[in-house]
Structures are given as structure tokens and as C-alpha cells.
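Right, one structure below, let's go through it.
Bear in mind these aren't lab numbers, they're just calculated from the coordinates by the rules spelled out. Just so it is clear, the structure is predicted and the values come from calculations on it, not from any experiment. Glycine gets a Cβ as well: all are built from the backbone with ideal geometry, and neighbour counts include every protein chain shown.
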Amino acid sequence: MRHNSTRNILSGISTKALSANNCNGFLGFPGTRACKKTTRRSGYFPTGSKCADTNHRAFTFVEILIVLSMMALVALPFTKMFVFGMQGSNENSEHIVAYNLAREKIEEIKSLPFEIIKSDFDNFRDVYADRPGFEAPFENKVDFEKTFSDIITQEMIQQDDTKKETYEKLRNLYKSAYFRDFELCPDEVKGFRRVIDVDDKIDNSVPPRLKKITVFVFDQHGHKFAEVVTLISKHK
């Protein structure tokens with residue numbers, strides 16, 4: 001009888017301890033915790049509860065990867081639009097620089113006397129005279145216009161001996177053609193090439209009283225970036 005009474009007393013104490021909400025040690029022994037399941041109310045746990053609700057599950061690594069992949073697929077078209085926009089902006093800037101170079105030359109030609117306005121081939125073909133490898137530009141206008149450029153920078157003549165020799169010869173011829181000394185261009189335009197063509201056969205009168213001036217600007221790969229045309233007439 002005494003053993004049964006003791007067992008009933010311990011069972012009552014154990015039941016009372018397991019049903020407690022304060023998560024104290026079971027029967028006072030540390031390390032043994034028993035908690036009544038709590039529910040989340042209005043975003044917080046009941047006062048005095050030290051146990052979190054373990055029914056809420058977190059995102060798995062696979063789920064995070066799936067979400068990131070979906071976000072990448074959505075963002076891809078916008079990324080391409082951004083890249084194309086940047087490329088278009090750069091090309092527009094280059095075209096603006098090219099047209100400015102062409103208009104600058106047109107204005108300079110307009111200030112010259114009508115009789116001395118000539119194409120670059122007529123004015124500067126001697127730049128390639130007696131230079132091995134440049135026989136075609138010296139003899140043929142088409143090859144000359146594929147090779148010649150009056151855009152020369154300080155960096156170009158420092159890094160390229162061929163450009164340096166061209167500069168030395170061009171500087172001697174330029175003053176007789178434009179009545180001023182040849183000036184080096186800023187390094188920002190070193191990727192362009194400029195050449196001028198003059199057509200005096202559009203006028204049937206003798207001597208011709210009208211000339212067609214065309215200024216071409218190419219990039220370093222030979223793509224034409226600008227072409228500006230104007231007509232200059234001889235005043236009576």
C-alpha cells in the first residue's frame with residue numbers, strides 16, 4: 001500500500017510539472033524541459049512563455065534558388081535594353097563628334113578664295129611621294145581617300161613613325177593650301193579619319209563658277225560616320 005501511495009503522489013507531481021507553461025525543469029532537474037504548445041496571437045507569444053512556435057517553416061535553399069532564377073529571367077530583357085541603350089548612346093556621341101569635325105572643315109573651306117579650293121588629293125598627294133608602300137595613294141584618288149586623313153594627334157605621332165612622317169610632310173603643304181599652319185587635333189578624336197573631295201564638274205561654265213564640297217569622316221575601321229556637302233559659288 002505504501003508503494004502504491006508513493007507512486008500516485010509522484011504521478012500527480014509529474015502531471016502537474018508537464019502541464020506547466022513556464023518551462024521550468026522537470027521535477028527540478030536541469031536540462032529536462034517540457035512545454036505546453038503555445039499558439040501565436042496577434043504577432044506575439046503569451047506573456048511568460050519562453051517557447052517559440054515550431055510549426056512555422058523557413059525557406060529552403062532550393063526555394064531560394066528558384067526565386068532567384070525567376071527574378072533573373074524577368075530582369076534579363078531589361079538588362080539587354082540597358083546595354084543596347086548604352087551602345088546607342090555611345091554611337092550617337094560618336095556621330096555628333098564626326099559631324100562637328102565635318103562642319104568645322106566646311107567652314108574653313110568657305111573662308112578660302114574660290115580659285116584655290118581643291119580636294120585633299122590635289123593638295124596633299126605629295127605627302128605619299130617617294131614613300132615605299134604608299135605608291136597607290138600617291139597615284140590614285142580612290143586609294144588616297146582610303147588612306148589620307150588630316151586628323152593627326154600628338155599621341156599618334158609619338159606612337160607611330162608612319163604618322164610622324166605624314167605629319168612632317170603635311171605640315172609643309174598645309175600652309176599653301178589653307179594659308180595657316182597645320183594644327184594637331186586633340187587626342188579625343190584620334191579614332192576618326194577626315195578627307196575632303198571637291199567636284200568642279202557640276203558646272204558647265206568655263207571656268208567653273210560652282211564647286212561641290214564634300215567632307216567625309218570615317219572611324220578607325222573605315223565606317224563612314226559623317227558626310228557633309230555644300231556648294232560654293234564664285235562671286236562676280
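Tabulated results
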item: Exposure proxy ranking, count of Cβ atoms within 10 Å, fewest first, for Asp203, Asp130; result: Asp130, Asp203
item: Order of Val127, Val206 under a 10 Å beta carbon neighbour criterion, fewest first; result: Val206, Val127
item: Neighbour-count ranking [beta-carbon atoms within 10 angstrom, fewest first] of Val215, Val67; result: Val67, Val215
item: Cut-off under 5 Å, modelled amide H: who pairs with Thr153 long-range; result: Cys185
item: Two-site FRET efficiency, Ile202 against Gln159, from Cβ-Cβ distance with R₀ of 35 Å, rounded to 0.05; result: 0.30
item: Cα pair distances in the stretch 92-147, grouped into 10 Å bins until the bin that holds the longest one, percent each; result: 21, 33, 35, 11
item: Filtered GluC sites (Glu not before Pro), the stretch 141-233: DSSP coil and at most 14 other beta carbons within 10 Å; result: Glu183
item: Distance (nanometres) between label positions extended 7 Å along Cα→Cβ at Ser176 and Asp143; result: 2.3
item: 5 angstrom amide H check on Ser119, placed H, neighbours 5+ away; result: Val198
item: In Hz, Karplus ³J(HN,Hα) per residue of the stretch 137-144 (6.51, -1.76, 1.60; θ = phi - 60°; x = Gly, Pro); result: x, 6, 9, 10, 5, 5, 5, 4
item: Segment Gln220-Ser111, extension gain: residue separation times 0.36 nm, minus the distance between their alpha carbons; result: 36.4 nm
item: Zero-based 5 Å bins, Cα pair distances in the stretch 94-233, whole percents; result: 2, 10, 19, 23, 23, 15, 6, 2, 1, 0
